[in-house]
1. Suppose we keep only residues that are in contact with a Gly (Cβ under 8 Å, 6 or more places away or on another chain) and under 17 Å from Ile4 (Cβ atoms) within region 53-88. Which one would you say is farthest from the ligand (Cβ to nearest atom)?
2. Of all residues in region 121-162, which are more than 16 Å from the ligand (Cβ to nearest atom), open to solvent by less than 10 Å² (accessible area, probe 1.4 Å) and either of a type in the set (S, T, N, Q) or touching a strand residue (DSSP E or B) at 6+ places or on another chain (Cβ under 7 Å) (or both)?
3. Give, as residue ranges, the helices (runs of 4 or more DSSP H) completely inside region 159-270 that count at least 2 residues that are of a type in the set (D, E, K, R).
4. So, Ile208, is that one in contact with a Phe, Trp or Tyr (Cβ under 7 Å, 6 or more places away or on another chain), open to solvent by 20 Å² or more (accessible area, probe 1.4 Å) and of a type in the set (Val, Ile, Thr) or not?
5. Applying the selection to region 89-118, what residues are open to solvent by 40 Å² or more (accessible area, probe 1.4 Å), near the ligand (Cβ under 7 Å from one of its atoms) and at negative phi?
6. Looking at (1) over 30 Å from Arg295 (Cα atoms); (2) in a strand (DSSP E or B), find the lone condition where Leu56 falls short.
7. Say whether the condition of being within 15 Å of the ligand (Cβ to nearest atom), without any contact (Cβ under 8 Å) to a residue 24 or more places away in the chain and more than 23 Å from Asp40 (Cβ to Cβ) is met by at least one residue in region 186-198.
8. Pairs only if they're at least six apart or on different chains, beta carbon under 8 angstrom, first in region 253-280 and more than 15 Å from Asn233 (Cβ to Cβ), second polar (S, T, N, Q) and surrounded by fewer than 19 Cβ atoms within 10 Å (Cβ to Cβ); list them, first residue then second.
Amino acid sequence: MGRIVENAHAKINLTLDVGPVRPDGYHEIHTVMQSLELRDVVVLEERPAGISLDCLPGDPLRQGARCFVESESHLLPPSDERNLAWKAAKLLMEAVGIGRGVHILIHKAIPLAAGLAGGSADAAAVLRGLNRLWNLGMSREELALVGVKVGADVPFCLLEGTAEAKGIGEKLTPVPSPPPWSVLLLKLPVSVSTAACYKAYDELPSPIRVDAVEMLEALADEDLNQVAKCLGNSLEAVTMQQVPELVSWRKVMEGAGSLGVLMSGSGPALFGLVRDECQGDEVFERLATAVKQERQGLLPNLYLTRFLSSKGNDDFKGGAWHA
Ligand code: ATP
């Protein structure tokens, strides 16, 4: 029986512009996405038939991040057909008509429902892994056609690295990854409903538009200060209205020395950029001290990770790539 291990990397949105609602109910978005070293590890073991799945708490230190955990450290996703990794396996098996089975084991290190695409990353890892395990010979573009049915972030998670995404997130143009800058993540123990977030955004008197062009230039120039200046997320204001604690934690992150702070996706995870690991360690210590001093209210978990610099997307560099 074969066995495959795949890394499932978290992502952040360096910019996220949300446009109008489409007739199919999805929003048109324009975003610049970046993979992080923080990852889940997904182990696939061949079985004669069917799908089974287990989730175990991962070890962030061995999975790309230093971490300071205050709460919900053992929160795990469902281990049944509701899991996005299970859905991906089922859709792939249906698409290729294969009569074999798989056991999926997820070592979960990416915080759940944070805007870091943990579920999408696991789904993408399953698609990549089953393609190898069963020698399906599918291209990443073919896998993405299956993946987009699981979630709009899955095509990017198949690609990894750095990319501009349009449509609902499935129209991808990979760009060269910048250096492995350090990133602090702050995750409060609250979840925000993505649907509620988009609904609140639609009810704003005018949309908050964010430009990706300057961000792409700053990345091409490998200019971290400029990248920090160009950060922007259409959804940040509405999520911050729902979770006002984010406003003060954002100030704490800035005060601790992050070059720029932004919410990822529909939140509530905040990320802060730092040049290197040494500076990252200092900012992490200051933040951890601030969390320890805060005795009441919602206390966040902290992670120190880096931009993923070794990309799994070499075969797709240089061209637009659509699911
Ligand atoms: P995105 O950034 O793509 O919006 P997210 O980081 O906000 O994703 P996820 O961590 O992917 O959110 O989880 C969102 C929901 O999906 C959770 O409620 C969780 O229970 C469910 N879920 C299903 N499968 C998984 C999985 N493998 N990992 C994490 N969450 C999963």
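The values are calculated or read from the model by the stated rules, or taken from the named source; none is laboratory data. Please read all numbers here as calculations on a predicted model, not as lab measurements. Glycine gets a Cβ as well: all are built from the backbone with ideal geometry, and neighbour counts include every protein chain shown. For the accessible areas, the whole protein counts, side chains as well, though only heavy atoms, and no ligand, DNA or RNA atoms are used. Shrake-Rupley method; radii C 1.70, N 1.55, O 1.52, S 1.80 Å.
1. So the residue we want is Ala88.
2. Gly161, Thr162
3. Fully inside region 159-270 and qualifying: 194-202, 213-220, 245-255.
4. So Ile208 does not fit the description; no.
5. Correct list: Leu112 only.
6. (1)
7. Yes, that holds for at least one residue.
8. So the pair list comes out as Gly257/Gln279; Leu259/Asn225.
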